[in-house]
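This report concerns only the one structure given below.
The values are calculated or read from the model by the stated rules, or taken from the named source; none is laboratory data. Since the structure is predicted, the reported quantities are computational estimates derived from the model, not experimental observations. We place every Cβ from the backbone using ideal geometry, glycine too, and count neighbours over all the protein chains shown.
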Amino acid sequence: MIDINGSTKIFGLIGNPVEHTLSPLIHNQLAALMGYNMAYVPFLVTDGKTMTASAALAAAIPGAFTLGIGGLNITVPYKSAVLPLLERVEAPAAAIGAVNTLVRGENGYIGYNTDAEGLYRAMQDDGININNEAVIVLGAGGAARAAAFMAAFKGAAAVVIMNRAAAKATALAAEINKVTARECAAGGALADFKALPARKHLVIQATSVGLNEPADRAVIADPAFYQLVHTGYELIYRPSETMFMNLTRQAGGRAYNGLKMLLYQAVQAFELWHQTAVPPAVAAQVYRELQDINIKAASPVNRRYAGEEA
Ligand code: ATR
């Protein structure tokens with residue numbers, strides 16, 4: 001139980017919806033384990049009778065700053081809409097075009113993207129290398145952007161982005177090549193895997209298939225694709241096993257879900273807010289609690305996605 005008093009600092013999550021978020025659990029648990037006097041709460045920001053959702057957001061951000069809110073996470077649908085309301089946006093977040101974490105600055109909040117760094121730290125924790133790796137990103141939406149930029153920034157030899165709408169994937173690849181000033185990214189359609197060299201890849205599953213689709217669906221169902229996969233990294237964490245992971249394992253690859261990315265995007269936000277380092281043993285303890293809760297909360301209608309949640 002949090003002991004709230006006159007010195008308690010408030011942190012929170014802005015989004016719509018926010019009811020199913022695991023972020024309060026992660027942050028309040030980190031605070032309890034590390035001895036911070038804070039409370040982390042969800043803030044639903046939505047339209048009203050006389051206000052659009054974007055007007056509500058434009059009121060909420062400076063309002064939160066004025067109230068002394070120590071820091072915020074931003075989730076769907078505001079990760080890009082919040083950009084013009086910030087004092088400044090840090091480099092990787094500016095390139096990705098989305099922020100999920102706000103840190104107090106001089107006269108307003110500073111925007112960060114801890115989804116990208118959180119995915120990287122989750123992968124490191126699982127012993128997955130990015131540097132010089134041949135990476136495939138499935139999807140070209142918000143979560144895929146963070147994953148693809150992260151792979152490019154962390155030195156992947158190649159980043160192949162494949163999406164149902166191929167034009168979105170080619171456009172994202174062109175953006176990445178421009179920002180990184182190296183021709184590492186290429187984009188195309190999902191079926192383009194047939195033209196890839198017959199080597200093993202690290203594949204990041206960043207579409208919402210498995211989330212908004214029947215559980216037995218994978219974004220690519222053709223078993224031939226999984227012959228190209230040594231590691232399948234799924235960004236969905238509920239259900240904790242998806243068809244993409246299943247097909248990866250059937251073809252002899254290693255498969256992971258998005259729960260650790262969810263943890264580490266929160267850990268990095270916590271570290272930015274409190275200018276601290278979360279010890280590995282503390283992160284591991286929170287991860288075990290998350291796993292328990294995630295399994296208990298699993299139901300066909302309660303599917304969750306690490307890139308979607310702050
Ligand atoms: P998020 O911000 O969570 O990434 P998003 O921006 O809506 O969500 O992106 C969803 C991703 O899942 C997109 O890459 C989308 O493909 P399109 O760009 O072609 O729409 C992908 N996606 C969603 N449903 C899909 C489906 N049934 N088959 C293939 N891809 C799908």
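Inside segment 235-283, can you point out the residues that are assigned to a strand (DSSP E or B), of a type in the set (A, V, I, L, M, F, W, C) and over 12 Å from the mean Cα position of the chain (by Cα)?
Correct list: ALA255 only.
I'm trying to understand the selection: among the residues of segment 6-62, which are charged (D, E, K, R) and under 20 Å from the mean Cα position of the chain (by Cα)?
Answer for segment 6-62, where residues must be charged (D, E, K, R) and under 20 Å from the mean Cα position of the chain (by Cα): just GLU19.
Would you confirm whether or not segment 99-108 contains a residue that is farther than 28 Å from VAL41 by Cα, buried (at least 17 other Cβ atoms within 10 Å of the Cβ) and in contact (Cβ under 8 Å) with a residue 12 or more places away in the chain?
Checked against the condition, which is being farther than 28 Å from VAL41 by Cα, buried (at least 17 other Cβ atoms within 10 Å of the Cβ) and in contact (Cβ under 8 Å) with a residue 12 or more places away in the chain, segment 99-108 yields no hits at all.
Anything in segment 168-193 that is within 9 Å of the ligand (Cβ to nearest atom) and small (Gly, Ala, Ser)? List them, or say none.
Within segment 168-193, just ALA169 meets the criteria.
Within the group ALA143, ALA152, which residue is modelled with pLDDT of 95 or more and either in contact with a strand residue (DSSP E or B) (Cβ under 6 Å, 6 or more places away or on another chain) or within 13 Å of the ligand (Cβ to nearest atom) (or both)?
That would be ALA152, the only listed residue that is modelled with pLDDT of 95 or more and either in contact with a strand residue (DSSP E or B) (Cβ under 6 Å, 6 or more places away or on another chain) or within 13 Å of the ligand (Cβ to nearest atom) (or both).
State all residues of segment 198-234 that are part of a loop (DSSP other than H, G, I, E, B), aliphatic (A, V, I, L, M) and away from the ligand (no atom under 16 Å from the Cβ); if no residue qualifies, say none.
ALA198, LEU228
Is it the case that some residue within segment 272-280 is in contact with a Leu (Cβ under 8 Å, 6 or more places away or on another chain) and within 28 Å of GLY111 (Cα to Cα)?
yes
I need every pair where a residue in segment 209-235 that is touching a residue at least 60 places away in the same chain (Cβ under 8 Å) and more than 12 Å from ILE136 (Cα to Cα) has its Cβ under 6 Å from the Cβ of a residue that is more than 10 Å from the ligand (Cβ to nearest atom) and part of a loop (DSSP other than H, G, I, E, B), sequence separation at least 6 or different chains.
GLY210/THR242; LEU211/ARG303; LEU235/GLY258
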